[in-house]
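Here is the structure we will look at, set down as structure tokens.
The values are calculated or read from the model by the stated rules, or taken from the named source; none is laboratory data. Just so it is clear, the model here is predicted, and its values are computed rather than measured. Cβ sites come from the backbone with ideal geometry, for glycine too, and all protein chains shown count toward neighbours. Note: areas computed on protein heavy atoms with side chains; ligands, DNA, RNA excluded. Shrake-Rupley method; radii C 1.70, N 1.55, O 1.52, S 1.80 Å.
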Amino acid sequence: MKPITLRTSVRTLLAVGLGASLALTAGCAKSEDDASDGKNGDGGGAGQAVSESKGGKTCAIDTYGGKKLDLKTATVGFSQSEKEANPFRIAETASIKAEAEKRGVKLLTANAQSQFSKQISDVQDLIAKGADLLVIAPLNSDGWEPVLRAAGAKHIPIVTVDRKINATACKDYVSFIGSDFVAQGRRAADRMIETTGGKGKIAILLGAAGNNVTTERTKGFEERLKEKAPGLRVVFKQTGEFAREKGQQVTEQLIQSKPDITGIYAENDEMGLGAVNALKGAGKKAGDVKIVTIDGTKGAVRGIVDGWIDGVIESNPRFGPLAFKTLDAFTKGEQVAQDIVIKDSAYTKDNAKADLGKAY
């Protein structure tokens, strides 16, 4: 996760229609718990909204290359990166599919099953099948040159969601839509400081290597601890690969090597829930070790209600409406933001029970 996330100058607005520029609009999705929707997991609770931020670089089709087209008659290819055992990926894919169906857009999908080489071939296959536009949830940030060459040769616009690729915006791809991951790390640190009193020993369950999410969530967390709570020391860091089973295994090792650990920062909910399983297996009680996670899944928010998790920073996966709104504006010739940074909420013991229905 090596690139530095740019900040797009926008105001937070409700997604009620297309404005003149997506640099100044917001996306929104219906709740998966909305009885009127009828689709499970299509994009849930608090829909995505664009966060007000600094910057303002935009992209238009005449700069990027290619030609205007009507999104309704286009074919969109969506490449999912990971196995859909993770609620984040389930909600993300469901949101893309639901929005395509809502708009009557032909959608081609592929799932890389957590294999980067497969994702590269998946996207090449989507291009070969006639995709006019691409939405990609990248597994890694590096290694996209073969896809960029193939898409560039046909002037196929690319929007990446939830992770960045190491390439040039408005040349290799149009826009990135996702969270401010450094800010997420800072907010997780703030919650950890609050729940521990700012003293103790902290373990970090790192996400998978090779993407900007892991790097930036770690950076934000460690910088905030250094700034605000030097009494909280990070004494253990190991990847849990964003997976529950791996998070449990790493935490089991942690309990053996650092039995006096104060808190665990898990860089996604699945690893945090794995940590909970490990602590239960070791005979620990809820609250013995403070746990802060990032994502906003129902399982993690229930963990707050049950006392095992102390805070969850949301990372909203409901990209469908905002991704298609971006593509629609771009293909009409409008300016769109190169970096569309979404606004995420958070869950604590104060709102977890009431807001459980907003989780995914």
Given the criterion open to solvent by 30 Å² or more (accessible area, probe 1.4 Å) and at pLDDT 95 or above, identify the matching residue among ASP162, ASP142.
ASP142
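Could you list, in sequence order, all residues of the stretch 105-144 that are in contact with a strand residue (DSSP E or B) (Cβ under 8 Å, 6 or more places away or on another chain) and assigned to a helix (DSSP H, G or I)? Can you show your working first?
Start the filter on the stretch 105-144 by keeping residues that are in contact with a strand residue (DSSP E or B) (Cβ under 8 Å, 6 or more places away or on another chain), which leaves 105-112, 119, 122-123, 125-127, 129-138.
Result: GLN119, ASP122, VAL123, ASP125, LEU126, ILE127.
Based on what the data block shows, is THR293 crowded, with 24+ Cβ neighbours inside 10 Å and β-branched (Val, Ile, Thr)?
yes
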Would you check if there is a residue in the stretch 277-287 being touching a strand residue (DSSP E or B) at 6+ places or on another chain (Cβ under 6 Å) and either outside any helix (DSSP H, G or I) or surrounded by 18 or more Cβ atoms within 10 Å (Cβ to Cβ) (or both)?
no
Considering the stretch 105-145 alone, what residues qualify as being in contact (Cβ under 8 Å) with a residue 60 or more places away in the chain and among the β-branched types (Val, Ile, Thr)?
VAL105, VAL135
Restricting to the stretch 83-131, give me the number of residues that are closer than 22 Å to ILE156 by Cα and open to solvent by 40 Å² or more (accessible area, probe 1.4 Å).
15
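Against the condition touching a helix residue (DSSP H, G or I) at 6+ places or on another chain (Cβ under 8 Å) and either under 21 Å from GLU92 (Cβ atoms) or in contact (Cβ under 8 Å) with a residue 24 or more places away in the chain (or both), how does LYS199 come out, does it pass?
Judged against the criteria, LYS199 is not a match.
For the structure I just gave you, tell me whether PHE181 is within 16 Å of ILE313 (Cβ to Cβ) and in contact with a helix residue (DSSP H, G or I) (Cβ under 8 Å, 6 or more places away or on another chain).
Values: within 16 Å of ILE313 (Cβ to Cβ): yes; in contact with a helix residue (DSSP H, G or I) (Cβ under 8 Å, 6 or more places away or on another chain): yes.
Yes: the conditions hold for PHE181.
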Whichever residue in the stretch 60-82 is of a type outside the set (A, V, I, L, M) and part of a loop (DSSP other than H, G, I, E, B) and, among such residues, is least open to solvent (accessible area, probe 1.4 Å):
SER81
Just to be sure before I move on: is ALA189 out of contact with any His (no Cβ under 9 Å at 6 or more places or on another chain), farther than 30 Å from PHE324 by Cβ, crowded, with 18+ Cβ neighbours inside 10 Å and touching a residue at least 60 places away in the same chain (Cβ under 8 Å) in the structure I sent?
yes
